[in-house]
Amino acid sequence: MGDQFLFSLITGIFIGGVAGYLGTLMLQKRMALVSDALGHLALPGMGLALLLGFDVSLGAFFFLALGILLIWFFEIKTSLPMEALVGVLFVTSLAIGFLIIPESELLHALIGDISKVSFEMTIFSVVLAIFLFFVIRNIYRGMVLTHISEDLARNEGIKIKRQNLIYLLSVAAMVALGIKIVGSLLVGALMIVPAATARNLSKTLRNYTFLASFFGIISVFFGALLFKITNFPLGPLIILVNSSLFIISIIFKK
Amino acid sequence: MENLILKEKNQSSEVILKVRGLSVELEGEKILENLSFEIKKGEILTILGPNGAGKTVLLRTLLGVLPYKGEIIWSPPQGLKIGYVPQRLPFIKDVPMNGKEFFSLKNVLENDLVKILNLLGIEKEILEKKIGELSSGQFQRLLIGWALSGNPQVLLFDEPTSGIDISGEKTIYSLLKQFQKERDLTILLVTHDLNVVYKYSSKVLCLNKRALCFGKLREILTPDLLEKVYGTEIKFYEHKH
């Protein structure tokens with residue numbers, strides 16, 4: 001348990017930091033609730049992984065990527081807003097997930113389970129989190145400019161559709177990583193709450209992204225500390241630390 | 001001096017934009033119909049018309065971000081740099097960002113940027129401020145700075161309803177005029193301010209879905225025509241300088 005706790009802590013800190021960073025883009029794209037729904041898109045994949053005995057993140061990522069490609073495709077083909085498309089896919093996934101995930105594993109899938117984090121998976125998660133950080137950083141300026149004005153972005157030669165696909169796949173990978181720590185119900189909060197807290201306290205983009213990553217990291221750290229003391233499940237504790245930071249940030253709002 | 005005049009004449013005879021039979025339809029609604037005009041290098045074209053006439057759509061179509069029928073021929077067709085000043089950017093307040101960071105979203109040379117910001121009277125303090133806290137005049141100067149940095153050959157300028165002054169005498173238009181002279185900049189300008197039209201434009205395009213008039217200012221802009229464009233009688237006076 002000692003090793004596993006350490007593995008989870010290391011995994012969680014890297015994932016938390018990058019999740020907060022990505023969260024700033026999701027907040028800007030008004031995907032706060034969409035990210036919650038995306039967590040559920042992962043459930044059938046997690047179920048399959050549990051049944052067949054491979055890592056839940058891999059199963060989750062496969063289904064998330066499929067879901068996100070479908071959303072991306074639907075968004076180009078129809079004029080329905082993204083949230084409606086996510087809504088349809090999300091309830092479908094939830095239904096499938098509940099059917100195939102063994103009942104004894106269901107709670108773990110929903111709120112996270114750190115007892116299965118191995119050394120190899122820790123290395124894999126850390127490397128993937130770092131890779132994701134650089135992918136996001138690469139599209140960050142373009143994503144911000146596109147949000148401000150698609151016309152200005154196109155005039156600067158930004159390929160908006162391609163950029164959006166990279167962004168959505170990054171979200172999928174982040175969700176897949178995050179569910180291991182906090183579970184599919186809470187993974188959205190891991191990305192959104194640190195960003196929302198940082199937004200309350202920032203006047204510059206630099207501060208905003210730095211603080212979002214920072215809050216992502218310390219919420220995992222203090223969540224883990226509380227877990228050691230109280231032995232409550234780690235996922236909900238991390239999110240509660242995040243929410244507490246958010247409430248404090250409202251007091252200091254700039 | 002004579003050489004200079006000759007050179008200017010040569011340059012001004014070069015057509016930079018040719019539009020033939022341009023039509024734009026957005027979500028089943030015809031916004032622009034069968035528009036034709038051309039602009040020479042270094043000219044300032046003012047686009048006049050009431051709200052909903054398609055002025056902004058015309059600028060965005062020329063920028064290449066909207067689907068259209070007909071011909072838009074820029075010269076040269078490839079590699080021409082266009083600066084665009086949109087009317088407003090409502091979503092910019094979603095992101096905490098200062099002016100400096102706004103410019104970092106664009107790839108421009110630091111030196112070029114500093115020069116332009118100086119000319120526009122944008123001080124360092126303005127660049128350090130959160131964009132949401134700028135006055136509308138300051139913000140619009142930032143936008144113009146954005147469009148002018150990167151050394152564009154063409155500027156598309158969609159003016160908001162309120163004009164902007166840099167200081168008492170120096171207006172944004174006198175600055176644009178200066179840029180136009182110094183850099184041989186071609187400017188397409190949407191404005192409601194007829195004084196600006198008289199003082200600075202070389203040509204006018206009156207727009208209400210179709211082109212109602214196009215040509216040199218003094219030849220075409222009569223009260224009768226303005227009434228036709230705007231639909232009501234408009235009072236205006238001509239500045240004599």
Take the residues in the stretch B:105-154 that are of a type in the set (Val, Ile, Thr) and more than 18 Å from the chain's Cα centre (by Cα), then tell me which one is nearest to B:Glu14 (Cα to Cα). B:Val108
Of all residues in the stretch A:132-141, how many are open to solvent by less than 40 Å² (accessible area, probe 1.4 Å), in contact with a Leu (Cβ under 8 Å, 6 or more places away or on another chain) and within 19 Å of B:Leu105 (Cβ to Cβ)? 2
Going by the conditions given, is A:Thr122 more than 14 Å from chain B (Cβ to nearest Cβ) and among the hydroxyl-bearing types (Ser, Thr, Tyr)? yes
Of these, A:Ala173, A:Ala153, A:Ala129, which one is assigned to a helix (DSSP H, G or I), within 14 Å of chain B (Cβ to nearest Cβ), open to solvent by less than 20 Å² (accessible area, probe 1.4 Å) and in contact with a helix residue (DSSP H, G or I) (Cβ under 7 Å, 6 or more places away or on another chain)? A:Ala153
Single condition A:Val117 does not satisfy, out of (1) within 14 Å of chain B (Cβ to nearest Cβ); (2) more than 17 Å from the chain's Cα centre (by Cα); (3) open to solvent by less than 40 Å² (accessible area, probe 1.4 Å): (1)
For the stretch B:74-167, give me every one of the helices (runs of 4 or more DSSP H) that falls completely inside it and has 1 or more residues that are modelled with pLDDT under 85. B:110-119, B:124-128, B:136-148
Mind listing whichever residues of the stretch A:149-200 are closer than 24 Å to A:Ile239 by Cβ, at pLDDT 90 or above and among the polar types (S, T, N, Q)? A:Ser170, A:Thr197, A:Asn200
Considering each residue of the stretch B:67-104, count those that are within 11 Å of chain A (Cβ to nearest Cβ) and either in contact with an Asp or Glu (Cβ under 8 Å, 6 or more places away or on another chain) or under 18 Å from B:Val154 (Cα atoms) (or both), and give that number. 10
Some residue of the stretch A:232-239 being under 23 Å from A:Thr122 (Cα atoms) and more than 18 Å from the chain's Cα centre (by Cα): yes
The stretch B:19-60, residues that are open to solvent by less than 10 Å² (accessible area, probe 1.4 Å) and within 14 Å of another protein chain (Cβ to nearest Cβ): B:Leu58, B:Leu59
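Within the stretch B:105-119, take every residue that is charged (D, E, K, R) and open to solvent by less than 100 Å² (accessible area, probe 1.4 Å) and give me the one that is nearest to the other protein chains (Cβ to nearest Cβ).
Out of the qualifying residues, it is B:Lys106.
Anything in the stretch A:176-222 that is among the hydrophobic types (A, V, I, L, M, F, W, C) and either within 14 Å of chain B (Cβ to nearest Cβ) or in contact with a strand residue (DSSP E or B) (Cβ under 9 Å, 6 or more places away or on another chain) (or both)? List them, or say none.
Result: A:Ala195, A:Ala196, A:Ala198, A:Leu201, A:Leu205, A:Phe210, A:Leu211, A:Ala212.
Each row is one residue, and each column tells you yes or no for (1) of a type in the set (Phe, Trp, Tyr); (2) under 18 Å from the mean Cα position of the chain (by Cα); (3) more than 30 Å from B:Glu29 (Cα to Cα); (4) open to solvent by less than 70 Å² (accessible area, probe 1.4 Å).
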{"site": "B:Leu62", "(1), (2), (3), (4)": "no, yes, no, yes"}
{"site": "B:Ile72", "(1), (2), (3), (4)": "no, yes, no, yes"}
{"site": "B:Gln87", "(1), (2), (3), (4)": "no, yes, no, no"}
{"site": "B:Phe91", "(1), (2), (3), (4)": "yes, no, no, no"}
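The values are calculated or read from the model by the stated rules, or taken from the named source; none is laboratory data. The structure displayed is predicted, hence computed values, not measured ones. Using ideal geometry, Cβ is built from the backbone for each residue, glycine included, and neighbour counts are taken over all protein chains shown. Areas reflect the complete protein model, heavy atoms only, side chains present, ligands, DNA and RNA absent. Shrake-Rupley method; radii C 1.70, N 1.55, O 1.52, S 1.80 Å.
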